[in-house]
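Quick notes on the structure that follows.
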Amino acid sequence: MTSKISKSSWLLLAAVALIALNLRPFITGVGPLAAEIGRRTGLDLQGMALLTLVPMFLMGVFAFAGPFLQTRVGERRSIMVAVALLVAGSLLRLWTTAGWQLVGTAALLGLGTAVVQAVLPGIVKRQFPRHVGVVMGVYSAMLMGGGALGAQVAPWVAAAGGDWHIGLAWMAAPAALALALAARSLPRDVPVRQARQSVAVYLRRPRVWLLMLCFGLVNGGYSTAVAWLAPFYQEHGWSAAASGSLLAIMAVCQAMAALLLPICAGRREDRRPWLWLTLAMQALGFIALAWWPEVTPVLWVAVLGAGLGGCFALSLIVALDHLSDPAQAGALSALMQGGGFLLTAFPPWIVAVLRDLTGSFTMGWLLHLGCAVIVAILYWRVSPASYQRAMRMTPQAAPGACLSAGSAAPSSLP
């Protein structure tokens, strides 16, 4: 590719953006409707937490299938099936009457999202090699923007239709549009030689585990916020629509930071100063929620959202920065998300337990304050100078063990 993006690439970029828009509304749309859903389905706080825990857990488990999907199924085919699952999962919510049925649709939606997140970064690395930071910023911004869309629109649609089912099922419409655009623009699958070793080669490297841990701890703050921010403010007397708007503000700020911070960070190879900035913003946001929730809540929620969104996008870029080969970088990104989302799945449930034990969400917010501090310390190790050394082939791994994309596998990781 040249430094300019071609017309066909613009169409692909639009598909990436629209697909990303559909990866969070089914999660963020639940919080503003939680009280009504709980009354109608019998789900308590810990049961409601499953609507976030289950899809996040699946995002983690199936992210490890990224290398397999690349080599055996094909990236285009995987994305098409995954987006079709998003359409089906949202439509099925029209007919859910019991809590277990709603959790089942959350599992279906989580599976579709997991496959997209495992495969799409590799496509971006291959199709936009000179614009990875910008395109991943767009991807992350649209993903977070989809969260804002779900939080804001779900209570409106539910109120207009007089039924919470409609407030969740409308999300099938943008997913269907994404499926049509993906069919038009995604590149055709090319033969990829199967690696003799794949996941095991990466998991031998401590750096991969460090990236997983950082990604999981940070995004645990996100999963808790989208699950409990609206119910938290409803306990303070806010309406469903008003608390949904607050969650939407957080998601909009996530989207803006996810788009802008990678552009700013692209001016230098070392992304850590920008990562530390986002972690400081998260810390401020969680401190405010714990101790001053009624003092300028819009400001603090905006700061928290910017910190979460910017850190998510920069984390993806840092993973892709470690390796120059698109298939290898995509596999590393998928594995980071896999381990990370396994960790991310449980904080909403843990915070629900803490809420039941203490009668307050304060301990939950302070838990994520501690996570932000831990991640800030861990990122000291992730300097650009360490990338090549951290991902070098270990003596135990056989040559050619790494993934390749349409060419012979290299004898070592870059």
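The values are calculated or read from the model by the stated rules, or taken from the named source; none is laboratory data. Worth saying up front: this structure is predicted, and the values here are computed from it rather than measured. Backbone-built Cβ (ideal geometry, glycine too); neighbour counts: all protein chains shown. Each accessible area value is taken on the protein alone, full model and side chains, heavy atoms only, with ligands, DNA and RNA left out. Shrake-Rupley method; radii C 1.70, N 1.55, O 1.52, S 1.80 Å.
What number, in percent, do you get for the relative contact order of region 234-392 if the mean sequence gap of Cα pairs under 8 Å and at least 6 apart is divided by its residue count?
30
Please list, in order along region 331-342, the HN-Hα scalar couplings obtained from phi with the Karplus expression 6.51 cos²θ - 1.76 cosθ + 1.60 (θ = phi - 60°), rounded to whole Hz, x for Gly and Pro.
5, 4, 4, 5, 5, 4, 5, x, x, x, 6, 4
Just check region 164-321 against the gyration tensor rule for me: Cα atoms, a ≥ b ≥ c as the square roots of the eigenvalues, rounded for a/c under 1.5, and otherwise prolate or oblate depending on whether a/b exceeds b/c.
Because a/c hits 1.5 or more and a/b fails to exceed b/c, region 164-321 counts as oblate.
Using a simple charge model, +1 on the beta-carbon of Lys and Arg, -1 on the beta-carbon of Asp and Glu, nothing else, what dipole does the chain show about its Cα centre, in debye to the nearest 20?
Dipole size: approximately 1540 debye.
May I ask you to compute the full-extension gain from H236 to R204, defined as 0.36 nm times their residue separation minus their alpha-carbon distance, rounded to one decimal in nm?
6.8 nm
Tell me, what ³J(HN,Hα) does each residue in region 80-96 have, in order and in whole Hz, if you take phi through Karplus 6.51 cos²θ - 1.76 cosθ + 1.60 with θ = phi - 60° and put x for Gly and Pro?
Coupling constants for region 80-96: 4, 5, 5, 5, 4, 5, 5, 4, 5, x, 5, 4, 4, 5, 5, 10, 6 Hz.
In whole Hz and in residue order, list the ³J(HN,Hα) couplings for region 125-137 that follow from phi through the Karplus curve 6.51 cos²θ - 1.76 cosθ + 1.60, θ = phi - 60°; x for Gly and Pro.
Working through the residues one at a time gives 4, 7, 7, 10, x, 8, 9, 4, x, 5, 5, 5, x Hz.
Please work out how much length the chain gains when fully extended from E294 to S8, using 0.36 nm per residue of separation minus the C-alpha to C-alpha distance, in nm with one decimal.
98.1 nm
When Lys and Arg each count +1 and Asp and Glu each count -1, what net charge do the other residues less than 10 Å away from L186, Cβ to Cβ, add up to?
Net charge around L186: +2.
What does the C-alpha gyration tensor say about the overall shape of region 234-295? Classify as rounded when a/c is under 1.5, otherwise prolate if a/b is larger than b/c, or oblate.
Oblate shape, in that a/c is at least 1.5 and b/c is the bigger or equal ratio.
Per residue, how much accessible surface does region 1-121 expose to a 1.4 Å probe? Answer in Å², no decimals.
37
List the relative contact order of the chain as a percent without decimals, with contacts defined as Cα pairs under 8 Å and 6+ residues apart.
So the answer I get is 26 percent.
Calculate, in nm to one decimal, what S383 and W276 gain on full extension: separation in residues at 0.36 nm each, minus their alpha carbon distance. Please report the intermediate quantities before stating the final value.
Details: separation 107, 0.36 × 107 = 38.52 nm, distance 1.27 nm.
Here the segment from S383 to W276 would lengthen by 37.2 nm.
For the charge dipole of the chain, defined by +1 on Lys and Arg C-beta atoms and -1 on Asp and Glu C-beta atoms about the Cα centroid, which residue among M80, A49, I377 has the Cα displaced farthest towards the positive pole?
M80
For a test of the definition: using alpha carbon positions, the gyration tensor, and the 1.5 limit on a/c, classify region 119-208 as rounded, prolate or oblate.
Judged from the Cα gyration tensor, region 119-208 comes out prolate (a/c at least 1.5, a/b above b/c).
Relative to the longest principal axis of the chain, what angle (0 to 90°, nearest 10) does the C-alpha long axis of helix 206-235 take?
20
Modelled label-to-label distance, A183 and A88, 7 Å Cα→beta-carbon offset: nm?
1.5
On average, how much accessible surface per residue is there in region 269-336, in Å², for a 1.4 Å probe, leaving out ligands, DNA and RNA? Don't skip to the end; give the middle numbers.
On the way: 1870 Å² over 68 residues.
Per residue, region 269-336 has an accessible area of 28 Å².
Give me the percent of accessible area attributable to carbon and sulfur for the chain, probe 1.4 angstrom.
Roughly 68 percent of what the probe reaches on the chain is carbon or sulfur.
Roughly how big is region 49-189's charge dipole about its Cα centre, with Cβ charges of +1 (Lys, Arg) and -1 (Asp, Glu), in debye to the nearest 20?
540
Give me the one-decimal nm value for the distance between modelled label points at L260 and R392, 7 Å along each residue's Cα-to-Cβ direction.
4.1
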